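Student: The structure's right below; bear with me while I get my questions together.
Read the figures in this text as sums done on the coordinates, not as results from a lab. This is a predicted model, so every value here is computed, not measured. Methodologically, a virtual Cβ is constructed for each residue, glycine included, from the backbone with ideal geometry; neighbour enumeration extends over all protein chains shown.
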Amino acid sequence: MSSYNHLTLKDRECILLGVTLKDTYQVIAQRIGCSKATVSREIKRNGGRKAYSAVKVQENYQGRRLKSRRPRLLTNLKLRDFILHCIVQRQWSPEQISGRLAHENSEWRISYNT
């Protein structure tokens with residue numbers, strides 16, 4: 001199990017406070033309970049000591065997290081309609097639908113669990 005945790009807004013505000021007070025990376029790291037390398041990377045990635053903004057950095061982080069997620073399959077309305085048609089009209093099982101899409105070399109790929 002990894003001991004890695006993402007920085008929170010509170011952690012980033014502590015970093016901003018430390019940057020404002022001109023604390024060392026070690027002091028800031030001890031305050032939030034992480035390594036000084038984490039603090040150093042966080043500050044360097046996000047504008048340096050002169051331009052660091054906790055709120056802006058947190059917004060960027062949340063945006064990256066949302067983009068990194070796999071999109072939901074059934075938000076694609078054509079795929080959703082196809083699956084509903086196969087289940088309701090043709091009375092196919094999920095395994096049959098998944099197999100049919102694979103057989104036809106469709107651009108859609110779903111598991112029958114989906």
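Student: If you compute Cα Rg over 2.2 N^0.38 Å for the structure shown, which of (i) 1.77; (ii) 1.00; (iii) 0.96 do you land on?
Tutor: (i)
Student: Considering the Cα trace of region 60-114, what is its radius of gyration and what is Dmax, both in angstroms?
Tutor: 14.1, 46
Student: Also: For the chain, set up a GNM with springs between Cα atoms under 10 Å and report which of 55, 88, 27 has the largest fluctuation.
Tutor: 88
Student: Continuing with the same structure: Can you tell me how much longer the chain between residue 22 and residue 72 gets when fully stretched, taken as 0.36 nm per residue apart minus their C-alpha distance, in nm with one decimal?
Tutor: Additional length available on full extension: 13.5 nm.
Student: Measure out, as a whole number of angstrom, how far apart the alpha-carbon centroids of region 1-41 and region 97-112 sit.
Tutor: 47 Å
Student: Also, I was wondering about something else. Keeping to pairs on different chains or 8 or more places apart, tell me how many lysine pairs in the chain have Cα atoms under 16 Å apart.
Tutor: Taking the Cα cut-off of 16 Å, the pair count is 6.
Student: As an exercise, use a Förster radius of 30 Å and the Cβ-Cβ distance of residue 96 and residue 62 to find the FRET efficiency, rounded to the nearest 0.05.
Tutor: Taking R0 as 30 Å, the efficiency between residue 96 and residue 62 is 0.15.
Student: What relative contact order, as a whole-number percentage, does region 9-68 give when Cα pairs under 8 Å and 6 or more residues apart are counted?
Tutor: That works out to 33 percent.
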